[in-house]
Amino acid sequence: MAKLVTNGPWLLLSNVESNLKPKLEYFRGIGLSESVLFTAIAGNSKFFSRSLNSYYKPQIDFLKQFLMTSNALDIAIKRCSWLLTVDRKYSLEPNIDLLIREGVRVDDVGVLMLYQPRTLVMKVEKMASVVKAVKGLGMEPSSAKFIHGVRVMSSMNELTWHKKVENFKSLGWSQEDFLSMFVRCPHCLALSEKKIRRAVDFYVNTASVAREVIVSQPLLLQFSVDKRLLPRHSVITVLSSKGLLKKGKPVTPFRLPEKLFVKRYILKHVERVPHLMEIYRGSATPQKCSIENQGS
């Protein structure tokens, strides 16, 4: 309330029955959560100045073409409350029209609106420039990954992009490797330089994974070294030392979902190696497990 009235003191003079109450009831009626609604209101002093019938209802109808559930609408507005108040004819509609003309599927536009709605409210000229650049890197607009390429590239300027390229080159990537990685997994460019370097160091120097494997499977760079990679590597190290693992792809244990990893690499061997779960949780070390089992 304090923030709302500070940003728009004229609200204290607004008519409750004809202005404030109908808008609140409408947004609650379409399924917008209280927390998202109040955050959107507090962050925009012009919220109550727009007409319910001539502005908000058409705006919501437009958004619902891409966000087809109340939950999706709630999530998107939580991530970018501007979706409620931005002039859709100035940015939203032209940007979406541009993407669709280029070959982006309507469902993919909905994904972009849900997960990175700010991309759709940028200036149309910038959107056109970003789309052209992403296409120039070899990504097809009909690909589901194209919108992620647009999202990532729109979030950085030319200098930042250049730094990203140089960071990968310093780790042994060629220009072709970099472009191939971007097409496969645009999200990787959104990762910090520190996270990328630490992940590459783990794979190459600790897990003995060839750089070429990382280039071909860039999703590997997104995993947390401390929370995922090191604990799993400890388990694999113990199992390998006891000859309990069949030869397979070295990155398979790191890619598996949590439940499947536990089932395949811990529960399956827990009778032979009773400390595996402790090792995985960090309360034991591979050395301790190996020594105790040798003693038995």
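Got at least one residue in segment 97-105 being at pLDDT 95 or above and crowded, with 19+ Cβ neighbours inside 10 Å? Yes: one or more hits. Of the listed requirements (1) modelled with pLDDT under 95; (2) surrounded by fewer than 18 Cβ atoms within 10 Å (Cβ to Cβ), Met139 misses just one: (2). In summary, Met156 fulfils each of the numbered conditions (1) touching a helix residue (DSSP H, G or I) at 6+ places or on another chain (Cβ under 9 Å); (2) surrounded by fewer than 16 Cβ atoms within 10 Å (Cβ to Cβ); (3) more than 28 Å from Val251 (Cα to Cα); (4) at pLDDT 90 or above with the single exception of condition (4). Counting the residues of segment 180-194 that are in a helix (DSSP H, G or I) and either among the aliphatic types (A, V, I, L, M) or modelled with pLDDT of 95 or more (or both) gives 4.
Only one of the numbered conditions (1) farther than 19 Å from Leu12 by Cβ; (2) surrounded by fewer than 18 Cβ atoms within 10 Å (Cβ to Cβ); (3) touching a helix residue (DSSP H, G or I) at 6+ places or on another chain (Cβ under 8 Å); (4) of a type in the set (Phe, Trp, Tyr) is violated by Phe66, and that is (2). For segment 207-244, filtering for residues that are part of a loop (DSSP other than H, G, I, E, B), in contact (Cβ under 8 Å) with a residue 12 or more places away in the chain and on the phi < 0 side of the Ramachandran plot leaves 6. In segment 53-61, the count of residues that are within 13 Å of Phe27 (Cα to Cα) and either of a type in the set (S, T, N, Q) or within 22 Å of the chain's Cα centre (by Cα) (or both) is one or more. Which of the residues that make up segment 69-96 are among the charged types (D, E, K, R), over 18 Å from Ile147 (Cα atoms) and surrounded by 14 or more Cβ atoms within 10 Å (Cβ to Cβ)? Residues satisfying the conditions are Asp74, Lys78, Arg88.
Conditions tested, residue by residue: (1) closer than 23 Å to Val209 by Cβ; (2) surrounded by 14 or more Cβ atoms within 10 Å (Cβ to Cβ); (3) at pLDDT below 95.
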{"residue": "Leu239", "(1), (2), (3)": "yes, yes, yes"}
{"residue": "Lys247", "(1), (2), (3)": "yes, no, yes"}
{"residue": "Pro250", "(1), (2), (3)": "yes, yes, yes"}
{"residue": "Val270", "(1), (2), (3)": "no, no, yes"}
{"residue": "Arg281", "(1), (2), (3)": "no, no, yes"}
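Taken together, the criteria exclude Ala72 from residues that are among the hydrophobic types (A, V, I, L, M, F, W, C) and closer than 28 Å to Val5 by Cβ.
Pro94 meets the stated requirement of being at pLDDT 95 or above and farther than 23 Å from His187 by Cα. Consider segment 283-296 and keep the residues that are among the hydroxyl-bearing types (Ser, Thr, Tyr) and modelled with pLDDT under 55. The one that is farthest from Ser240 (Cα to Cα) is Ser296. Scanning segment 194-237 for residues that are loosely packed, with under 14 Cβ neighbours inside 10 Å, of a type in the set (Gly, Ala, Ser) and farther than 16 Å from Phe178 by Cα returns Ser208, Ser224.
The values are calculated or read from the model by the stated rules, or taken from the named source; none is laboratory data. Note that this is a predicted model, so its numbers are computed, not measured. Here the Cβ is made from the backbone with ideal geometry for all residues, glycine too, and neighbour counts use every protein chain on show.
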